[in-house]
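Values quoted throughout were computed directly from the atomic coordinates according to the rules given, and no laboratory measurement underlies them. These figures come from a predicted structure and were not determined experimentally. So basically every Cβ, Gly included, is an ideal-geometry build from the backbone, and we count neighbours across all protein chains shown.
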Amino acid sequence: MTPQQEQALLKACIAARQTKTTTSGPPSQIDTQRYLSAKRFLQELQGLWQRVPTVVLHTSELPRNSYQARDTALGRVIFTRDEEGVVRAFHNVCRHRGSQLVTNEGACEKRLVCPYHAWTYGLDGHLQGVPAESQCFPDLDKSAMGLLAIPCVEKYGFVWLCPTATTTATGDTAEQAVVAHVGEMAADLEWLQLDKLHVCESVPKTWQANWKLLVEGGIETYHFAVAHKKTIAPFFLNNIAVTDQLGQHFRTVIPNRAIDQVAQLPESKQRLRACTHINYNVLGSVGLLVQDEHIDWFRMRPIAADQTEITITSLVPTAKDELSPDQAAHWQKNMAITNTVLDEDFVIGEGIQRSIAQGALTSLQFGTAEWGLKAFNDSVDAYIGPL
């Protein structure tokens with residue numbers, strides 16, 4: 001995002017504040033089966049989640065000579081960074097008997113050792129050692145028995161899993177896949193400088209609701225005054241936001257009450273992040289809540305039509321082990337607030353899931369301030385076809 005684009009967004013927020021309006025679109029309705037159908041969920045899993053680039057790790061989570069294991073739409077995946085800084089991804093499967101190679105979250109190690117028979121792999125995936133190789137596997141070609149790789153790339157401060165990317169004579173297409181997927185959102189991700197932040201704390205929770213219901217709450221502010229009455233609503237303006245669809249992704253800029261003071265400053269001293277929260281949804285797995293000094297990252301993993309894991313991670317300017325006690329307490333407080341507010345949204349999402357499962361409603365209604373919800377579902381449909 002250029003300074004000119006940032007200023008244009010800020011002016012749009014100031015205008016919305018003055019006119020007490022929010023970005024609007026046509027009203028619509030949507031079939032509840034898209035949140036209930038197991039068949040539809042499988043289509044989304046195979047046609048979207050197992051195909052598009054998805055964020056799995058922040059770059060700060062993977063130092064040199066280390067690995068991390070994460071559950072993804074492709075199953076358990078190991079991510080490594082070798083001593084040269086190269087990042088790779090592998091299926092968590094030993095090539096010997098199919099044992100899970102990694103059973104913990106991660107560690108600073110130069111090798112991966114299978115807990116079953118101690119077959120040993122380097123962080124580049126190559127098979128390095130086999131116990132009793134000459135007796136048990138006299139003809140083993142270790143060069144052909146490396147870990148099964150999945151294309152991945154480090155970009156915009158994250159490690160992206162790119163299932164459908166390929167390696168060609170001209171190089172790896174994983175980065176091309178991410179750039180193409182991000183599309184119009186690229187300038188904003190560059191502007192955020194996520195690669196300069198550090199993971200402070202992560203909190204995973206599993207919610208009994210369809211993943212799309214949990215995304216939708218972040219694309220509109222019509223609910224703020226009611227759903228968040230006792231938490232953040234007093235700090236914001238009722239149903240005032242500037243929402244843009246950037247290709248298949250969404251950016252919702254939500255002014256807070258500090259916008260009145262910022263509007264009085266010379267343009268050279270105005271900053272968008274000083275008087276707004278910005279919610280980004282990158283179709284796939286990336287949700288970002290951008291605040292003045294830090295960013296909360298939401299990683300989503302659909303489990304079933306009515307079950308979704310969300311991991312909320314705070315990204316802060318200083319590495320966790322370098323924080324002073326006061327700084328650590330400050331970020332812990334921020335994380336607690338974020339979790340409390342989002343829990344309010346996600347609990348409502350669980351309630352919607354239970355309600356529509358009863359079968360009384362066959363459709364949900366979206367008003368003019370909720371146009372982005374229909375547009376978001378249309379983006380999903382663009383990958384897998386209409387319901």
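Quick notes on this one:
- Only Lys, Arg (+1) and Asp, Glu (-1) charged, at Cβ; the stretch 127-238 dipole about Cα centre in debye: 640 debye
- Greater than 20 Å apart at Cα, pairs in 269/320; 11/269; 155/333; 11/196; 155/320; 230/333: 269/320; 155/333; 11/196; 155/320
- Computed FRET value (nearest 0.05) for residue 64 with residue 360, which takes r as the C-beta separation and R₀ as 51 Å: 0.35
- Between residue 179 and residue 229, the FRET efficiency estimated from the beta carbon spacing at R0 = 45 angstrom works out to 0.60.
- Using θ = phi - 60° and Karplus 6.51 cos²θ - 1.76 cosθ + 1.60, couplings along the stretch 192-197 (whole Hz; Gly, Pro as x): 6, 6, 5, 5, 8, 9
- Around residue 16: net Lys/Arg minus Asp/Glu count, Cβ-Cβ under 13 Å: +1
- Relative contact order of the chain, taken over Cα pairs closer than 8 Å and 6 or more residues apart, is 23 percent.
- For residue 312, neighbours were defined as the other residues whose beta-carbon sits under 9 Å from its Cβ, and their charges (Lys and Arg +1, Asp and Glu -1) total 0.
- Once the chain from residue 71 to residue 292 is taken as fully extended at 0.36 nm per residue, the excess over their C-alpha distance is 76.5 nm.
- Residue exposure sequence - 108, 94 - by fewest surrounding Cβ within 10 Å: 108, 94
- Order of 97, 271 under a 10 Å beta carbon neighbour criterion, fewest first: 97, 271
- Extended-chain gain in nm, criterion 0.36 nm per residue less alpha-carbon gap, residue 244 and residue 257: 2.6 nm
- Per-residue Karplus couplings for the stretch 33-43, computed as 6.51 cos²θ - 1.76 cosθ + 1.60 with θ equal to phi - 60°, are listed in order as 5, 5, 9, 10, 6, 5, 5, 5, 4, 4, 4 Hz, Gly and Pro entered as x.
- Point-to-point label distance, residue 304-residue 111, nm (Cα→Cβ direction, 7 Å offset): 4.1 nm
- Here the simple spin-label model places points 7 Å from the Cα toward Cβ, and for residue 97 and residue 148 these points are separated by 1.8 nm.
- 11 Å reach of a label modelled at residue 187, 7 Å along Cα-to-Cβ, counting backbone N of the stretch 1-22: 1-9
- Charge sum, other residues only, whose C-beta stays under 13 Å from residue 129's C-beta, Lys/Arg counted +1 and Asp/Glu -1: +3
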